[in-house]
Amino acid sequence: MARFGLRAIKRGRCCIGAFGSDRAGATAVEFALIATPFFAIIVALIQTFLLFFAQSVLENTVRKSARQILTGQVQAQNVSLTPAASAAAFKQTVCTNANVLFSCSGLMVDVNVANNWSSADIGMPALTYDSNGKVNNSWQFNPGHAGDIVVVRVMYLWPMFFGPIAFNLANQPNGSRLIMASTAFQNEPANP
């Protein structure tokens, strides 16, 4: 038993001496130096991809949802509803079209009638926040009538995780990025 223990000690000394003179560990050190920026770039690419993918899904959602206003389907369904119920029904339509990428409670839907094409506001709104960090802007819902110029804007606060190497795409004070899709169109003459 003692003989086995002595051999292990000698082998341990041998390994320690070999470790100090071995230069094969340089590869591990070099990898450690390169791995940090490499993985930081990978994380930044994934974050950017997810943001652009969310933007694309939101644009398709607005296109599908706005078509129902354009063709008069929303106006026909909302004849018997209150304005608040009409807005909630259209927001549910937007939510259904948004699939699984967005939470319904985070979608902000704004539907307005413009007097003419030059006054159609399709720009990014300035969000205001309450003391709890919640958006307190008031959004309108006016799908218009036949021949009206309608602007549909759907906004969402996309959560951003702090990126490596100071790569941060957040544009809101709460660390998220406001993404928006909008469309402007003239309602078809067949609207009620």
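The values are calculated or read from the model by the stated rules, or taken from the named source; none is laboratory data. Small disclaimer: the values here were computed from a predicted structure and weren't measured. FYI the Cβ positions are ideal-geometry reconstructions off the backbone, even for glycines, and counts take in every protein chain you see.
Only residues in the stretch 116-136 that are in contact (Cβ under 8 Å) with a residue 40 or more places away in the chain and among the aromatic types (Phe, Trp, Tyr) count as the first member; pair them with residues that are surrounded by 13 or more Cβ atoms within 10 Å (Cβ to Cβ) and assigned to a loop (DSSP other than H, G, I, E, B), Cβ under 9 angstrom, at least 6 apart or cross-chain, and list the lot. Between residues of the stretch 116-136 that are in contact (Cβ under 8 Å) with a residue 40 or more places away in the chain and among the aromatic types (Phe, Trp, Tyr) and residues that are surrounded by 13 or more Cβ atoms within 10 Å (Cβ to Cβ) and assigned to a loop (DSSP other than H, G, I, E, B), the close pairs are 129/172; 129/174.
From the list 101, 70, the lone residue that is surrounded by 14 or more Cβ atoms within 10 Å (Cβ to Cβ), under 13 Å from residue 156 (Cβ atoms) and among the aliphatic types (A, V, I, L, M) is 101. For the stretch 104-142, name all the residues that are in a loop (DSSP other than H, G, I, E, B), over 21 Å from the mean Cα position of the chain (by Cα) and surrounded by 15 or more Cβ atoms within 10 Å (Cβ to Cβ). Across the stretch 104-142, the qualifying residues are 120, 142.
Residue under question is residue 155, and the condition is that it be crowded, with 18+ Cβ neighbours inside 10 Å, at pLDDT below 85 and closer than 27 Å to residue 45 by Cα; does it hold? Even if it seems obvious, please write down each step before you answer.
On the way: crowded, with 18+ Cβ neighbours inside 10 Å: yes; at pLDDT below 85: no; closer than 27 Å to residue 45 by Cα: yes.
Taking the combined requirement at face value, the residue does not satisfy it.
If only residues of the stretch 56-67 that are among the hydroxyl-bearing types (Ser, Thr, Tyr) and surrounded by 14 or more Cβ atoms within 10 Å (Cβ to Cβ) are counted, the one that is farthest from residue 178 (Cα to Cα) is 65. Return yes when residue 32 is part of a helix (DSSP H, G or I), loosely packed, with under 10 Cβ neighbours inside 10 Å and modelled with pLDDT under 80 and no when it is not. Spelling it out, it is not the case that residue 32 is part of a helix (DSSP H, G or I), loosely packed, with under 10 Cβ neighbours inside 10 Å and modelled with pLDDT under 80.
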